[in-house]
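K.L.:
One structure, pasted below without further comment.
The values are calculated or read from the model by the stated rules, or taken from the named source; none is laboratory data. Since we're looking at a predicted model, the values are computed, not measured. Cβ coordinates were reconstructed from backbone atoms using ideal geometry, including for glycine residues, and neighbour counts include every protein chain displayed. Keep in mind that these areas ignore ligands, DNA and RNA; they rest on the heavy atoms of the full protein, side chains included. Shrake-Rupley method; radii C 1.70, N 1.55, O 1.52, S 1.80 Å.
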Amino acid sequence: MQTPKNRILAASSRDFKVNKLLFVITNLVLFINFIMQMSMRSFITYYSESVTNSYTGYGLAQAGSVAIALCAVFTVFTLFHELYSKPHADLVYSLPSSAKERFFSKLLTLLKLHILPVIFWNIIQFIAIFFTTDITLYMVARYSAVLMFTELSTSLFVILAVLLCMICCGRLAEMIYTAVIITACEIALPGCIYYSTISPFTVQYPYDIDNFVTYCPAWSAFPAHLMEFGYSTKVLLLLIGSTIFSALLITLLYFLYKKRDGKDTGKPFVFSAYREIILILAVITVTTYVLSDTSNLILLPALLLGYLLARILSSDRKLTIVRFVKWVGIFAVYMIVIFGVNILAYLCNGFTGKISGSRLSDANFVYATNSTSDGARFDYLSNILSKDEALQIIDIYNKALDTRKKSFADYIDHFKPHEVSPNSVNVAIDVYTSKDDHTSLDFIDFSFDVTNAEVDKVTEKLKSLSFVDPEQTSYYYYNY
């Protein structure tokens with residue numbers, strides 16, 4: 001009698017033979033991608049030995065990743081067709097095999113049909129580039145590794161999103177539109193939250209958050225976006241982490257898969273919690289997008305309509321007035337929570353707080369500028385300042401921040417298009433390694449609007465500091 005391991009291997013071999021056409025198509029796409037990459041191999045010759053080695057032609061890598069990922073989508077739908085096809089479900093679930101054997105035999109087949117060909121063609125490309133250019137082995141290896149893990153991380157994320165939707169849904173329509181929603185939300189949500197809840201209200205430039213938004217595509221359906229930043233070690237490590245994380249989550253989907261049986265095929269949603277998660281993701285993403293750009297306000301009524309349609313079409317119970325009102329009420333609660341968090345972000349200055357002196361060193365370069373409504377502008381350009389001297393300047397601006405009065409009208413004003421306020425104070429601090437080494441360790445940017453009188457007050461306090469030389473300050477007038 002065969003062991004479970006042997007049954008998994010045998011089932012995988014049968015599935016591979018049945019789906020040989022997918023293997024051929026995937027390899028054809030990878031071959032075309034290989035030819036296109038080799039035709040552009042000159043872009044790797046334009047580099048300098050630095051942390052990040054940028055190159056032209058990353059658009060080609062993006063197109064190749066998308067094409068390869070589409071092959072992964074079709075492969076997953078073909079291998080797991082019992083999840084949405086009732087005839088196939090009746091056949092598969094009638095066979096004497098466990099959920100574990102079915103699931104892992106299909107993952108093994110997926111490995112053979114898609115993942116191994118991706119690795120194989122990237123190895124071929126690495127060898128071809130190495131023997132057709134005079135670039136060092138280290139540079140070629142790092143560049144080739146970024147390309148390979150870009151394609152692998154894209155494919156694995158797409159496989160994860162599609163397979164999750166297929167396991168949690170019983171109908172093809174729900175599988176498709178929820179997969180699209182998950183992918184779109186995962187890509188857009190970090191940026192939407194940043195530009196709606198943090199950026200409009202912060203008084204300083206939060207580089208750590210901005211970097212997160214910049215590099216979050218590493219775990220998404222479009223990590224090839226990172227190719228714009230070259231093929232640095234940082235990008236490579238992010239892509240490797242994304243690949244491993246997606247592969248781990250795909251394996252853990254087994255615990256959801258084994259809870260299904262043949263009767264679930266044909267249902268809109270196998271797990272009701274999954275439907276709620278999808279709706280919440282969609283509502284948060286669209287609403288925060290609107291808050292980041294209120295010219296798209298028309299999207300909110302469209303969101304409500306789409307939300308209600310999804311509820312109606314996926315419901316397995318008769319529609320009643322009470323149920324309809326309940327759905328509208330749940331949507332209203334979502335809106336209240338989202339807008340409540342947004343207002344809280346306004347009251348808390350985008351959750352970034354005041355300037356912290358902990359980021360300063362013993363060598364800091366300060367540039368301050370204050371502007372008033374009558375066209376006056378004051379500038380201060382420092383020498384290298386000690387940590388204590390820079391803290392004195394920071395203290396002046398932190399106290400000016402405390403004078404700001406927040407109101408609902410001011411909150412609403414953030415969403416209106418308007419010019420920069422004529423009454424504003426700004427201080428930018430470059431944090432250097434040392435007085436002799438001006439390598440930038442950090443950069444602090446602190447800017448906000450205050451009253452005309454407070455601008456003058458900040459200017460006078462700056463001028464009164466013992467280490468501020470009058471020759472380092474200047475006034476001038478300008479017209480708006």
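K.L.:
Counting each DSSP H run of 4 or more residues in the chain as -39500 (n - 2.57), what helix-only mean residue ellipticity at 222 nm follows after dividing by all residues, to the nearest 500 deg cm²/dmol? Write out the running numbers ahead of the final one.
P.N.:
Values: 17 runs with 279 residues, N = 480.
Helix contribution divided over all residues of the chain: -19500 deg cm²/dmol.
K.L.:
Based on the Cα coordinates of segment 120-208, what is the per residue volume of their convex hull in Å³? Walk me through the numbers on the way to the answer.
P.N.:
On the way: hull volume 13.9 nm³, N = 89.
It is 156 Å³ per residue.
K.L.:
Of Thr150, Ile321, Leu347, which is farthest towards the positive pole of the chain's charge dipole, taken about the Cα centre with +1 and -1 on the beta-carbons of Lys, Arg and Asp, Glu respectively?
P.N.:
In the chain, that residue is Ile321.
K.L.:
At a 1.4 Å probe, what is the % contribution of carbon and sulfur to the accessible area of the chain?
P.N.:
The nonpolar share, carbon plus sulfur, comes to 67 percent.
K.L.:
Accessible surface of Met36 in the full protein assembly, 1.4 angstrom probe, to the nearest 10 Å²?
P.N.:
80 Å²
K.L.:
Quick one: angle between helix 58-79 and the longest Cα principal axis of the chain, in degrees between 0 and 90, rounded to 10, please.
P.N.:
Between helix and principal axis, roughly 40 degrees.
K.L.:
With θ taken as phi - 60° and the coefficients 6.51, -1.76 and 1.60, list the Karplus ³J(HN,Hα) couplings across segment 226-240 in order, rounded to whole Hz; mark glycine and proline as x.
P.N.:
Result, ordered by residue: 5, 4, 4, 9, x, 10, 6, 4, 4, 4, 4, 5, 4, 5, 5 Hz.
K.L.:
Rolling a 1.4 Å sphere over the protein heavy atoms, what is the accessible area per residue of the chain, to the nearest Å²? Could the numbers behind the result be given before it?
P.N.:
Details: 23840 Å² over 480 residues.
Value returned for the chain: 50 Å² of accessible area per residue.
K.L.:
Among Lys354/Lys387; Lys86/Lys258; Lys258/Lys326, which pairs are too far apart, with a Cα-Cα distance over 24 Å? Please list the in-between numbers first.
P.N.:
Values: Lys354/Lys387 17 Å; Lys86/Lys258 17 Å; Lys258/Lys326 32 Å.
Pairs exceeding the cut-off: Lys258/Lys326.
K.L.:
Putting +1 on Lys and Arg Cβ atoms and -1 on Asp and Glu Cβ atoms, find which of Thr403, Asn364, Val286 reaches farthest to the positive end of the dipole of the chain.
P.N.:
Going by the Cα projections, it comes out as Val286.
K.L.:
HN-Hα J couplings of segment 320-336 from phi, Karplus 6.51/-1.76/1.60, θ = phi - 60°, integer Hz, Gly and Pro as x?
P.N.:
10, 4, 4, 5, 4, 5, 4, 4, 4, x, 4, 4, 4, 5, 4, 5, 4
K.L.:
Turning to a different aspect of this structure: If you plug each phi of segment 468-475 into the Karplus form 6.51 cos²θ - 1.76 cosθ + 1.60 with θ = phi - 60°, what whole-Hz ³J(HN,Hα) values come out, in order, with x for Gly and Pro?
P.N.:
Karplus-based 3J(HN,Hα) across segment 468-475 equals 8, 7, x, 5, 8, 10, 7, 10 Hz.
K.L.:
Based on Cβ point charges of +1 for Lys and Arg and -1 for Asp and Glu, what charge dipole magnitude is obtained for the chain about its Cα centre, in debye rounded to the nearest 20?
P.N.:
Using only the charged Cβ atoms, the result is roughly 3240 debye.
K.L.:
Continuing with this model, one more query. When you take every Cα atom in segment 226-350, what is the radius of gyration, and what is Dmax, the widest Cα pair distance, in Å?
P.N.:
Every Cα atom of segment 226-350 included, Rg and Dmax give 19.7, 58 Å.
K.L.:
Pairs of Cα atoms under 8 Å, at least six residues apart: use those to get the relative contact order of segment 357-470, whole percent.
P.N.:
Values: 175 pairs, mean separation 37.8, N = 114.
Result for segment 357-470 is 33 percent.
K.L.:
What's the magnitude of the charge dipole for segment 338-480 around its Cα centre, counting Lys and Arg as +1 and Asp and Glu as -1 at the beta-carbon? Answer in Debye, nearest 20. Write out the running numbers ahead of the final one.
P.N.:
Values: 13 positive and 21 negative charges, 107 e Å.
Charge dipole, segment 338-480, about its Cα centre: 520 debye, nearest 20.
K.L.:
To the nearest 10 degrees, how steep is helix 20-39 against the longest Cα principal axis of the chain, on a 0 to 90 scale?
P.N.:
Between the helix axis and the principal axis of the chain, the angle is about 40 degrees.
K.L.:
Additional query: Relative contact order of the chain: what whole-number percent is it, with Cα pairs under 8 angstrom and at least 6 residues apart?
P.N.:
On the way: 619 pairs, mean separation 72.9, N = 480.
That works out to 15 percent.
K.L.:
Here's another thing I want to ask about it. Could you give the nm distance between label points at Asp261 and Val341, where each point is 7 Å from its Cα heading toward the beta carbon?
P.N.:
Going by the 7 Å Cα→Cβ label model, 3.8 nm.
K.L.:
Just how large is the dipole of segment 157-270 about the Cα centre, in debye to the nearest 20, putting +1 at every Lys and Arg Cβ and -1 at every Asp and Glu Cβ? Before the final figure, lay out the partial values.
P.N.:
Numbers: 7 positive and 7 negative charges, 109 e Å.
That gives segment 157-270 a dipole magnitude of about 520 debye.
K.L.:
How long are the semi-axes of the ellipsoid equivalent to segment 137-182, from square roots of 5 times the Cα gyration tensor eigenvalues, in whole Å, largest first? Walk me through the numbers before you get to the answer.
P.N.:
Numbers: eigenvalues 229, 11, 6 Å².
In descending order, the three semi-axes are 34, 7, 5 Å.
K.L.:
Relative to the longest principal Cα axis of the chain, at what angle does helix 4-18 sit, 0 to 90 degrees, rounded to 10?
P.N.:
90 degrees
K.L.:
Between Ser474 and Leu313, with labels modelled 7 Å along Cα→Cβ, what's the label distance in nm to one decimal, could you check?
P.N.:
Result for the modelled spin labels: 6.2 nm.
K.L.:
Which one, Thr233, Phe131, Leu91, is farthest towards the positive end of the dipole of the chain when Lys and Arg carry +1 and Asp and Glu -1 on their Cβ?
P.N.:
Among Thr233, Phe131, Leu91, the one farthest towards the positive end of the dipole of the chain is Leu91.
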